[in-house]
Amino acid sequence: MNSIGSLFRVHIFGESHGQVVGITIDGCPAGIALSEDDFARDIERRKAGAAGTTPRKEEDLPQIMSGVFNGNTTGAPITILFANNNTRSTDYEALRNTPRPGHADFVLHHKFKGFNDYRGGGHSSGRLTLCLVAAGVVAKKILQGISIEATLTEAGGETNIEAAIAKAIETQDSIGGIVSCTVKGLPIGLGEPFFDSAESVISHLVFAIPAIKGIEFGAGFAATKMKGSEHNDAIADAKGTTQTNHAGGINGGITNGNELHFRIAVKPTSSTPQAQQTWNNATQQVETFTVKGRHDLCIALRVPVVAEAAAAIALADLLLISKAYL
Ligand SMILES: Cc1cc2nc3c(=O)[nH]c(=O)nc-3n(C[C@H](O)[C@H](O)[C@H](O)COP(=O)(O)O)c2cc1C
């Protein structure tokens, strides 16, 4: 449902135009230094403001409501809230009858019998990724000596991101992108052989990010075109260092001590400025309409830090599990 994790467990809540969005983290070890300032850098990286992102600007100031005392985590659940101050809910009135193709409006209306908060995508809004980023900051603190870095490597099919964004702005149509993530310094042994393989746990978190449509580890889909002799990563020493890294740092669902690499596909924003067709529930016919509201033209621009957070949450959980076994 809205919780994930075995030992490092996060519970996400809130709606885009409700009072707050937030996260509760259960299972964070005691004694980790944590203050509101620790969140600033990653939150800033997720913020809108750059060309191709939404004009909706929020302060995104974290309020730590519990689980921290005298500057350290206490071992009790940590709840972090973010106020929604810059909402313009009237933009979304039309969505009650004309669900946006590609967005969650239609399925949410059916699944929750029309009781869902439709304003700004409600609980399915990209705004909730702010909470993932906050949990990621805490998770990164657990992953001492391990670095996670994600970057946008492609937008709209081009590696020149600026040019791709300029083109999207000029043509007024949304675009997608590819985000690459690398984790360095991982020990051998995180992940379990079957259901909780490192790939499964990371993917579960990654697919919680709205608008993600694919993930690949290492050579990924390209592996299907390689021979075994090409794809196998030759083991070069007793530590398991490999000469190549087509596996992306995971064998048998378990981290192998090399860099962990994954790439994720971010779809073009469904709320494109272009006219679209949809079913109008009030008039009971297909109509041409244009999405109102303030939207990211390229969601992928804001995803790297969210992908890092997803990886950090997954790996912090797997690290705590591996320590619990020792
Ligand atoms: C950081 C971020 C910002 C987003 N901003 C928008 C937006 O402005 N407009 C929009 O239609 N979708 C936006 N989305 C994507 C929607 O939330 C998502 O497409 C929708 O919930 C449907 O889910 P799905 O695409 O995974 O099927 C954003 C996603 C993220 C991660």
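A short reminder: the numbers here are calculations on the coordinates, not readings from a lab. This is a predicted model, so every value here is computed, not measured. Please note: Cβ atoms are built from the backbone with ideal geometry, for glycine as well, and neighbour counts cover all protein chains shown.
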Span per principal axis, largest first, for the Cα atoms of the range 247-326 (Å): 63, 24, 22
Residue-averaged 222 nm ellipticity for the chain, from DSSP H runs of 4+ at -39500 (n - 2.57), nearest 500: -7000 deg cm²/dmol
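Just subtract the alpha-carbon distance of Q243 and V20 from 0.36 nm times their residue separation and send over the number in nm, one decimal.
Details: separation 223, 0.36 × 223 = 80.28 nm, distance 4.82 nm.
Length gained, Q243 through V20: 75.5 nm.
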K323 versus A51: modelled label distance in nm, points set 7 Å from Cα along the beta carbon direction: 4.5 nm
Simple label model, 7 Å out from Cα along Cβ direction - K113 to V286, nm: 3.1 nm
Highest-fluctuation residue, A83, A307, A166 considered, GNM on the chain with Cα pairs under 10 Å: A166
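How high is the FRET efficiency between S200 and S229 when r is their beta carbon distance and R₀ equals 30 Å, given to the nearest 0.05?
Efficiency, rounded to the nearest 0.05: 0.65.
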Residue-count net charge about S270 - beta-carbon cut-off 10 Å; Lys, Arg +1, Asp, Glu -1: +1
Kirkwood Rh and Cα Rg combined as Rg/Rh, the range 106-247: 1.03
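Please give the direction-averaged projected area of the C-alpha convex hull for the range 73-145, in square nanometres with one decimal. Before the final figure, lay out each step's value.
Numbers: hull surface 29.6 nm².
It is 7.4 nm².
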Percent breakdown of C-alpha pair distances by 10 Å bin, ordered from the shortest bin, for the range 156-207: 19, 31, 21, 21, 8
Positive-end extreme of charge dipole, the range 3-325 - chosen from T54, G228, I161 (charges on Cβ): T54
Kirkwood Rh and Cα Rg combined as Rg/Rh, the range 24-149: 1.04
For the range 105-159, convex hull of alpha carbons as volume per residue, Å³: 131 Å³
Rh (Kirkwood; distinct C-alpha pairs) - the chain, Å: 21.0 Å
Spacing of the two label points (7 Å from each Cα toward its C-beta) at E149 and I188, in nm: 2.6 nm
Over the range 188-289, equivalent-ellipsoid semi-axes from the Cα gyration tensor in Å: 41, 15, 10
